[in-house]
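Trainee: One structure follows; several queries about it will come next.
The values are calculated or read from the model by the stated rules, or taken from the named source; none is laboratory data. Since this is a predicted model, take the numbers as computed values, not measurements. Cβ sites come from the backbone with ideal geometry, for glycine too, and all protein chains shown count toward neighbours.
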Amino acid sequence: MEQLFGTDGIRGIPGQYPLLPEFISKIGFATVRLLGNHAHPSLGTPPAVLLGRDSRHSGPWIAKALQRGFVSAGYRILDLGMIPTPALAYLTPRRKATFGVMISASHNPPEFNGIKFFSAQGHKLEEQQERMIEGRLSDFSYSLKPSSQRLSGQKDERASADYLDFLKSTFPASLDLKGTKLVIDCANGAASYLGPQLLRDLGAEVFAIGCHPSGHNINLGYGALDLEAMRRVVVARKAACGFSLDGDADRAIFADSRGNILDGDVLIGLSAAHLRRCGLLRHNRVVTTVMANMGLIHYLKQQGIGVVQVPVGDRNVIQAMEREDLSLGGESSGHIVFRRFSCNGDGLLTALQILSILKECGKPIEKLREGLRLYPQVLKNVPVERKIPIEELPHFQTKLRSLQKSLEGKGRILVRYSGTEPLLRILVEGPTWSLVHRVCSEIIKTYNRNRYST
């Protein structure tokens, strides 16, 4: 069987393999058999699986297919409905669920969907566990319960309120957001109702956009990958700042009052410096990925902060943070982990931590980031029909080496395939915008010539 799990769960087009109803049920059954345990005798009820989804129209029928597999294995379902991924991760251990499952394709377009599993402790599954689930799908047969069995699950009516209470508890009790104009863009996704409510409860004057999910508009024209609408509203409303979430609200990207974008690298830099000043940055180090801007690395070193770099993927970031016992880590994409509060990236939690820094320092965000200058960087995505290994494209590799030399030691090139989409991701960083754009264009042209001749 081909590999099902990418860097962030299973993803695909609903109605196409692997997101076919029968196979989804089989995935549910196999996961229970791997992660499941027997209910404690005193509970008197079958063990539970916590289930959430984002706003995609395919979410409900994928949920039904998964539930059929869970029920066939003797499990009951606690249904959270539409809720952010980090909310499901937070609630899984607090509901004493055997594991949690989120139906979401995160930042992907609406035609995609996906399945992410979380352990009883609220952690994303380790790669070894995912490979074991794949192995079980090949090795066993099973029979489904009759389709007439009730599959809707038990609604968890307190889920959103409990998650909001947790988020508010991470904001300093001595502070509030009264008198602060903020823009929030929820990407028409899972946080469309929770996000604006959270900010209003803390006293902010809120301008909410991307908060009208139709099932077909998640991440379209809004969200962390499409920031223009948020930037325009921040400037037009003269807001202090704004931020955009992605479809399942596990990442956040900010804009200052002038509409300038502050990506995950800037947010990590501001947070690291603040935590160090407060004596809360464990071992004076942070975790970033190899995609982190060299300007961030330079800034952190100036602040006396060390850096641990890992491959792309928030799971790699989290594992390094736990291994090194560090308190902060993240990615330029806006996945940021404040381990003092959570073991997962959380867009709303990130937003609250940044806003609390602004309130504590009494300065606008553009003033706080003045010493943090990112190097010119271009990131392009090239659609691919199949992911031909880079090592099988020798002419392309030769061109990459030549272009790297053209940066004269003042930049870098990273080329990799996405782990969640059919894309080649190209990052070019260098001393000037004109140079990085030219180099990136050359890479794309060379790759297209080489892949079509292979």
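Trainee: For R323, which of the numbered conditions (1) under 26 Å from A89 (Cα atoms); (2) in contact (Cβ under 8 Å) with a residue 40 or more places away in the chain; (3) of a type in the set (D, E, K, R); (4) part of a helix (DSSP H, G or I) fails to hold?
Mentor: The one condition R323 does not meet is (2).
Trainee: With touching a strand residue (DSSP E or B) at 6+ places or on another chain (Cβ under 9 Å), modelled with pLDDT under 95 and of a type outside the set (S, T, N, Q) as the only criterion, which of V312, V307, V266, V337 stands out? Can you show your working first?
Mentor: Details: V307 fails: modelled with pLDDT under 95; V266 fails: modelled with pLDDT under 95; V337 fails: modelled with pLDDT under 95.
Criteria check complete, one pass: V312.
Trainee: So, in region 258-291, of the ones that are charged (D, E, K, R) and over 24 Å from D246 (Cβ atoms), which residue ends up surrounded by the fewest Cβ atoms within 10 Å (Cβ to Cβ)?
Mentor: Here is the first cut: in region 258-291, the ones charged (D, E, K, R) are 258, 263, 265, 276-277, 282, 285.
Next, only the ones that are over 24 Å from D246 (Cβ atoms) stay: 276-277, 282, 285.
Working: R276: 17, R277: 13, R282: 16, R285: 20.
Across region 258-291, the extreme among qualifying residues is R277.
Trainee: Also: Restricting to region 350-381, give me the number of residues that are hydroxyl-bearing (S, T, Y) and under 14 Å from L177 (Cβ atoms).
Mentor: Applying the first criterion (hydroxyl-bearing (S, T, Y)) to region 350-381 yields 350, 356, 375.
Remaining after also requiring under 14 Å from L177 (Cβ atoms): 356.
Number of matching residues: 1.
Trainee: Could you list, in sequence order, the residues of region 59-78 that are in contact with a strand residue (DSSP E or B) (Cβ under 7 Å, 6 or more places away or on another chain), of a type outside the set (A, V, I, L, M, F, W, C) and farther than 15 Å from K116 by Cα?
Mentor: In the first step, residues of region 59-78 are kept if they are in contact with a strand residue (DSSP E or B) (Cβ under 7 Å, 6 or more places away or on another chain); the result is 59, 62-63, 66-67, 70, 75-78.
Filter again for of a type outside the set (A, V, I, L, M, F, W, C), leaving 59, 67, 75-76.
Selection gives Y75, R76.
Trainee: Any residue that is in contact with a Ser or Thr (Cβ under 7 Å, 6 or more places away or on another chain), under 22 Å from H107 (Cα atoms) and among the hydrophobic types (A, V, I, L, M, F, W, C) - is there at least one of those in region 269-286? If you could, list the steps in order and put the result at the bottom.
Mentor: Residues of region 269-286 that are in contact with a Ser or Thr (Cβ under 7 Å, 6 or more places away or on another chain), as a first pass: 275, 280-282.
Those still in the list that are under 22 Å from H107 (Cα atoms) too: none.
Taking every residue of region 269-286 in turn, none turns out to be in contact with a Ser or Thr (Cβ under 7 Å, 6 or more places away or on another chain), under 22 Å from H107 (Cα atoms) and among the hydrophobic types (A, V, I, L, M, F, W, C).
Trainee: Please go through region 192-216 and pick out each residue that is of a type in the set (S, T, N, Q) and surrounded by fewer than 19 Cβ atoms within 10 Å (Cβ to Cβ). Can you show your working first?
Mentor: From region 192-216, those of a type in the set (S, T, N, Q) are 192, 197, 214; that's our starting set.
Correct list: Q197, S214.
Residue-by-condition table, conditions (1) touching a His at 6+ places or on another chain (Cβ under 7 Å); (2) assigned to a helix (DSSP H, G or I):
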{"position": "I357", "(1), (2)": "yes, yes"}
{"position": "G371", "(1), (2)": "no, no"}
{"position": "V382", "(1), (2)": "no, no"}
{"position": "L403", "(1), (2)": "no, yes"}
{"position": "E421", "(1), (2)": "no, no"}
{"position": "V436", "(1), (2)": "no, yes"}
